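Data first, discussion second: the structure below is written as structure tokens.
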Amino acid sequence: MLDLKFIRDNAELVQRGAEAKGMTIDIPTILSLDEQRRKLIQEGEALKARRNEVSAQIGKAKKSGGDASDAIAEMEAVKNRIQALDADLRTTEAKLNELLLTVPNVPHPSVPFGRTPEDNKEVFRWGELPVVDFPLKPHWEITDRLGIIDFTRGAKVTGAGFPFYVGRGATLERALINFFIDQAIQRGYKEIQPPIVVNEDSARGTGQIPDKEDLMYIVERDQFYMIPTAEVPVTNFHRDEMLGEKELPIRYAAYTPCFRREAGSYGKDVRGLNRLHQFDKVELVKFVHPSASYDELDALRTDAEHLLQLLGLPYRTLLMCTGDMGFTQTKKFDLEVWAPGQNKWLEVSSCSNFEAFQARRMNLRFRPVNGSKPEFVHTLNGSGLALPRVVAALIEHYQTPEGKVVIPKALHPYTHFEVLG
């Protein structure tokens, strides 16, 4: 959520920022409700001051035996007006807050303007794309032949997008999770194991609602949301808290299964592991001082890139354009790994800075050591990493002419085998 005073003072900037993200907001109504709210508060405070004056007059009149009937009548009228104003204020603030929740974060000035993925800017590339003398197969053909991922039985048991990992396929998945968590711990993150369902306040705190309800699975009976990412519970871990400045930065790493409806997804891009409804991911979350948040974003991106380098998987880093960013972000980098069996890039991580947007929704602040007034922290998160497309790229990148898959050396201590097949 943006600060109301910031919106008031920067209405055109906020409007342009929303339009750059391809979103529609109602700034005139927000400003009108804000003005109405301030007038109601002003009138209410003046009447409450008058109520105190009249109360004193009544007390004096009664003490001296004078007639207080006019003052009592005025007191009654003032009381009734205050009650009416308070009711109007509650209604106005409710309407205003509802609209404020629909205002997206403003893109950082360094973010390129654009509407399509073609407008994203490649800022880094690592690794050589494989050149081989045999036809490369997509991962779903390899996993099916090796019997390590079963999409058909997953669809039978649950539905499309809910695969079984079998035998060494399950071992590989578990190995990657442990590898990612261990690497995060080595780089200064504290491991945390969060719930995989959250309440409405948590979903609202990180901006999943009222923006992404259609993408989440909802446990309607208990009004819980299945998490689309560990970002939601982990970022809410400190909701409604006052942190000390010396505690910052705080860095957490969490593994969870993630659940996404992926409404509207269809076609070749959903083949195999490319787009699942349930998948595993290790998430990196940071709570940082506002002055350090963009340095921390660069460090977060480096932490995620380091994993792909250890696995020997070629990748590129994209600075996402305004139209390819989400509702909550100010700046976002995507990491895309090369999947040679499909001859395409696959996104495996998004590293984002939200500045104070989420913290304001969650009422998460820190108290400066110099004694000045509390400030909102800045929050960041990034996938470190999302597993399905990493597995897809790994299988396609390390396939052999015989149909086997070589396991990267970094994973040998976790898999305890060196070849699939």
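The values are calculated or read from the model by the stated rules, or taken from the named source; none is laboratory data. Please read all numbers here as calculations on a predicted model, not as lab measurements. Cβ atoms come from the backbone with ideal geometry, glycine included; neighbour counts cover every protein chain shown. Side chains included, ligands, DNA and RNA excluded: accessible areas come from the protein's heavy atoms. Shrake-Rupley method; radii C 1.70, N 1.55, O 1.52, S 1.80 Å.
Relative contact order for the stretch 214-261: what is it in percent, counting Cα pairs under 8 Å that are at least 6 residues apart?
52
Calculate one ³J(HN,Hα) per residue across the stretch 279-286 by plugging θ = phi - 60° into the Karplus curve 6.51 cos²θ - 1.76 cosθ + 1.60, and present them in order as whole Hz with x for glycine and proline.
Once θ is set to phi - 60°, the couplings for the stretch 279-286 become 8, 9, 7, 9, 10, 10, 10, 10 Hz.
If you take all C-alpha pairs in the stretch 201-263, what percent of them are over 17 Å apart?
It works out to 46 percent of all Cα pairs.
Amide H of F224 versus every other amide H placed in the peptide plane: which residues, excluding those fewer than 5 positions away on the same chain, fall under 5 Å?
V219
May I ask for the percentage of alpha-carbon pairs in the chain that lie more than 38 Å from each other?
Roughly 33 percent, rounded to a whole number.
Can you tell me the orientation of helix 387-397 relative to the chain, as the angle in degrees between its alpha-carbon axis and the longest Cα principal axis, to the nearest 10?
Around 30 degrees separate the two axes.
By how many degrees, between 0 and 90 and to the nearest 10, does the Cα long axis of helix 69-100 differ from the longest principal axis of the chain?
10
Could you give the accessible area per residue of the stretch 239-302, probe 1.4 Å, as a whole number in Å²?
46
Sorted by accessible area with a 1.4 angstrom probe, largest first, how do K48, K286, K5 fall?
Ranking K48, K286, K5 by accessible area, largest first, yields K5, K48, K286.
Given H placed 1.01 Å from N in the peptide plane, which residues other than close sequence neighbours of C258 have an amide H under 5 Å from its amide H?
Those lying under 5 Å, H to H, from C258 are F279, D280, K281.
Would you tell me the accessible area of M75, worked out with a 1.4 angstrom probe on the heavy atoms of the protein chains, in Å² to the nearest 10?
Approximately 40 Å² for this residue.
With all protein chains present, how much of the accessible area of the chain (probe radius 1.4 Å) comes from carbon and sulfur, to the nearest whole percent?
Of the solvent-accessible surface of the chain, carbon and sulfur hold 49 percent.
Tell me the accessible surface of K121 in square angstrom (1.4 angstrom probe, heavy atoms of protein chains only), to the nearest ten.
Spelled out: K121, probe radius 1.4 Å, area about 110 Å².
Using Cα pairs under 8 angstrom and six or more residues apart, how large is the relative contact order of the chain, in percent?
20
Let me cross-check F237: its accessible surface, 1.4 Å probe, with only protein heavy atoms counted, in Å² to the nearest 10?
Approximately 110 Å² for this residue.
In this model, which of K21/K212; K212/K332; K190/K286; K39/K60; K137/K281 are farther than 20 Å apart at the alpha-carbon?
Those over the limit are K39/K60; K137/K281.
Give, as ranges by residue number, the residues of the stretch 68-82 whose backbone N falls under 11 Å from the point 7 Å along Cα→Cβ of A61.
In the stretch 68-82, the label zone of A61 (backbone N under 11 Å from the point 7 Å along Cα→Cβ) covers 68-76.
Just flag the GluC sites (Glu not before Pro) in the stretch 216-300 sitting in loop per DSSP whose Cβ has no more than 12 other Cβ atoms within 10 Å.
Passing both the DSSP loop test and the Cβ count: E220.
Decide, for the stretch 152-244, between rounded, prolate and oblate: order the square roots of the alpha carbon gyration tensor eigenvalues as a ≥ b ≥ c, take rounded if a/c falls under 1.5, and otherwise choose prolate if a/b is larger than b/c, else oblate.
Verdict is oblate for the stretch 152-244.
Rounded, prolate or oblate, given the Cα gyration tensor of the stretch 272-387, with a/c below 1.5 counting as rounded?
Verdict is prolate for the stretch 272-387.
Rounded to the nearest 10 degrees, what's the angle between the helix 27-64 long axis and the longest principal axis of the chain, both from Cα atoms, 0 to 90?
Approximately 40 degrees, to the nearest ten.
What 222 nm value per residue comes from the helices of the chain, counting each DSSP H run with n ≥ 4 as -39,500 (n - 2.57) and dividing by all residues, nearest 500 deg cm²/dmol?
Calculated mean residue ellipticity at 222 nm is -13000 deg cm²/dmol.
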